[in-house]
Amino acid sequence: MNSIDEIKNYLKENLSSERYFHTLGVMEEAIELAKRYNADIKKAEIAGLLHDNAKCMTKEDLRKFISENLPDLDKNELKNYKTLHAPVGAYFAKEKFKISDPEIISAIRWHTLGRVNMTLLEKIVFLADKIEKNTRDIEYRNQIIKILDENEGELGLNKALFRCFIETVKSLAERKLYICTTTIDVYNWLLEITEN
Ligand code: FE
Ligand code: FE
């Protein structure tokens with residue numbers, strides 16, 4: 001595996017400064033959440049740091065890369081290019097940054113869409129991406145942290161994620177954008193495990 005400093009240097013050179021600032025925020029937030037929920041702090045740090053490593057690619061490059069290297073990707077996922085840096089980023093994490101841990105790879109892989117039965121590390125990176133301090137809305141962050149504070153253990157994390165999915169579904173529908181079937185499945189799953 002590349003060292004944290006090597007990865008940081010690569011990201012600093014290849015991402016926009018705003019995206020790099022966001023990346024560092026996600027790394028810090030993922031570490032904090034890992035401490036709170038007794039997850040592996042080192043894995044959270046690396047997954048947070050690498051989650052947007054492919055964000056610098058254009059949608060044409062992402063699509064081309066996927067057709068050549070990830071031909072089995074679910075066709076539903078191809079309909080919104082904004083989520084495509086996740087499977088590509090997971091691929092790079094393995095091939096370019098030599099990350100061999102499957103938990104780190106899957107946290108990067110699912111940070112945009114989420115999935116049913118997400119692992120603890122996947123949940124942590126997903127949420128850290130939404131609420132990090134550097135570039136995300138502070139009001140929204142405070143609301144999410146309140147949910148975490150008010151609920152015992154992983155239930156707080158699940159409720160916070162459900163809140164994120166409510167926002168995602170609303171915002172996609174309001175903009176008349178395609179809602180990936182995975183998103184609906186995750187929404188329904190979170191509803192089921194939090195609301196009764
Ligand atoms: Fe991302
Ligand atoms: Fe991100």
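The values are calculated or read from the model by the stated rules, or taken from the named source; none is laboratory data. All figures in this text were calculated on a predicted structure; none of them were measured in a lab. Glycine gets a Cβ as well: all are built from the backbone with ideal geometry, and neighbour counts include every protein chain shown. Surface accessibility is based on the protein's heavy atoms, side chains included, excluding ligands, DNA and RNA. Shrake-Rupley method; radii C 1.70, N 1.55, O 1.52, S 1.80 Å.
On each of the three principal axes of the Cα atoms of segment 1-57, give max minus min coordinate, whole Å, ordered largest first.
Computed over the Cα atoms, the extents are 33, 23, 16 Å.
Show which lysines lie in cross-link reach of K35 when reach means a straight Cα distance below 24 angstrom and same-chain residues fewer than eight apart are skipped.
The reachable lysines, counting only those whose Cα sits under 24 Å from K35, are K8, K43, K123, K130, K133, K146, K159.
If we sort 169-182, 151-164 on the protection proxy, mean other Cβ atoms within 10 Å, highest first, what's the order?
Values: 169-182: 12.1, 151-164: 17.9.
Per-residue Cβ counts within 10 Å, averaged per peptide and sorted highest first, yield 151-164, 169-182.
In the full protein assembly as shown, how much of K133 is accessible to a 1.4 Å probe, in Å² to the nearest 10?
130 Å²
Gain in length, I166 to D72, computed as 0.36 nm per residue apart minus the alpha-carbon separation, to one decimal in nm?
31.0 nm
When the dipole is taken about the Cα centre of the chain, and only Lys, Arg (+1) and Asp, Glu (-1) are charged at their Cβ, what size is it in debye, to the nearest 20?
480 debye
Scale the Cα Rg of the chain by the rule-of-thumb value 2.2 N^0.38 Å and send over the ratio, two decimals. Each step should come with its number before you reach the end.
Details: Rg = 16.0 Å, N = 196, 2.2 N^0.38 = 16.3 Å.
For the chain, the normalised Cα radius of gyration is 0.98.
When the Karplus curve 6.51 cos²θ - 1.76 cosθ + 1.60 is applied with θ = phi - 60°, which whole-Hz ³J(HN,Hα) does each residue of segment 118-128 get, with x for Gly and Pro?
3, 6, 4, 5, 4, 4, 4, 5, 4, 6, 4
What are the ³J(HN,Hα) values, in whole Hz, obtained from phi via the Karplus relation 6.51 cos²θ - 1.76 cosθ + 1.60 with θ = phi - 60°, for each residue of segment 159-176 in sequence order, with x given for Gly and Pro?
Taking θ as phi minus 60°, the curve returns 5, 5, 5, 4, 4, 4, 5, 4, 4, 4, 4, 4, 5, 5, 5, 4, 8, 6 Hz for segment 159-176.
Note the full-extension length gain between T135 and R19 as 0.36 nm times their separation in residues minus their Cα-Cα distance, in nm to one decimal.
Fully extending the segment from T135 to R19 adds 40.9 nm.
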